[in-house]
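Right, one structure below, let's go through it.
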Amino acid sequence: MRQIIAGNWKMNGTLAGLAGYAAGLRHGMEGLDLSGTELILCPPFPLIRPLAEAVGDTAVAIGAQDCDAHRKGAHTGDVSADLLAEIGARYVILGHSERRTDHGESSSAVRDKVRAVMAAGMVPIVCVGETEAEREAHEAETVVRAQLAGSLPDDFAGIIAYEPVWAIGSGKIPGEEDVAQMHATIRGFLKRRFSASGGTMPILYGGSVKPENAAALLAIPEVGGALIGGASLRPEDFLAIAAAAKQG
Ligand code: PGA
């Protein structure tokens, strides 16, 4: 199965910096066999269209980091899924822990957004993950199962990203056995809920993925790729992680 390597720029990146990023990406992709890999970059909203244009000659797909659940209307400051699709997004990250925390997004709000993204013909990347306190209290799997149950509609088709909150931006990563166990738990949930399609939905790992730890993380069973924050801001680091993905 193809490995999915997705970059989440968060609130980083500038219009002025796009040409340099795209040039670095193009240069780094020369001679790299990425045939088994799907590369995705999710910049802030205003950079979606320009980044899509800047990397249009490469195999890199563009995504967004959020959207509104409504199709259109009186929702000041929000952006619809249809508009994101129109300007070139093919994926949308939803329910990232920073949105769940900073904006109080509940799992049911995430589920409404997932529906909007699917209706617009894009692929949702739904994030789940426990806090450090929840892991220490041995509640990590219960929390993640509840987030999945609440965030995914019955007709869900998309990607899951397991991101332990305490691993995001911290340089800390869980042990390989903990990642394997959580990914197995998520796979079990998806199979029970979605039958056959649940067996093949990609489950990414996210949280302090770097070129140095990528090969080990991406080799863990049921890890179908990575969601990368900080390290996706430099094309050479992003591609070094992609190159570490298991091929075939
Ligand atoms: P990080 O972020 O790679 O900087 O830890 C990951 C994420 O939040 O998606």
Calculated from backbone phi, Karplus (6.51, -1.76, 1.60) coupling profile of region 96-109 in Hz, x at Gly/Pro: 4, 4, 5, 7, 4, 7, 6, 10, x, 6, 8, 4, 6, 5
Evaluated over region 126-177, the Cα radius of gyration and Dmax, each in Å: 11.9, 35
Choice from Asp102, Asp82, Asp68 showing the highest fluctuation, given a GNM over the chain with Cα pairs closer than 10 Å: Asp102
Derived scalar couplings ³J(HN,Hα) [region 169-186; Karplus, 6.51 cos²θ - 1.76 cosθ + 1.60; whole Hz; x for Gly, Pro]: x, 9, x, 9, 10, x, x, 4, 5, 5, 5, 4, 5, 5, 5, 5, 4, 5
Cα pair distances in the chain, grouped into 10 Å bins until the bin that holds the longest one, percent each: 8, 34, 38, 18, 2
Tail weight of P(r) past 14 Å, computed on alpha-carbon pairs of region 93-149, percent: 56 percent
Percentage of interatomic Cα-Cα distances in region 1-124 larger than 22 Å: 36 percent
Separation between Cα centres of region 69-94 and region 140-204, rounded to whole Å: 25 Å
Residue with peak Gaussian network fluctuation, the chain [Cα springs, cutoff 10 Å], from Val79, Val123, Val110: Val79
Residue-averaged [θ]222 nm for the chain, counting only DSSP H segments that reach four residues, each worth -39500 (n - 2.57): -11500 deg cm²/dmol
Tail weight of P(r) past 24 Å, computed on alpha-carbon pairs of region 117-248, percent: 27 percent
Under 11 Å, Cβ to Cβ, from Pro174 - net charge with Lys/Arg +1 and Asp/Glu -1: -4
Highest average packing first - 27-35, 195-203, Cβ atoms within 10 Å: 195-203, 27-35
29 Å Cα-Cα threshold exceeded, pairs from Lys10/Lys172; Lys72/Lys210; Lys10/Lys113; Lys10/Lys72: Lys72/Lys210
Other-chain or far-sequence residues with amide H under 5 Å of Val92's (modelled H): Ala64, Val123, Ile125
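Any read-out appearing in this document is the output of simple, stated calculations on the displayed coordinates, not a laboratory observation. Being a predicted model, the structure only gives us computed values, none of them experimental. Glycine also receives a Cβ, built like all others from the backbone with ideal geometry; neighbour counts cover every protein chain displayed.
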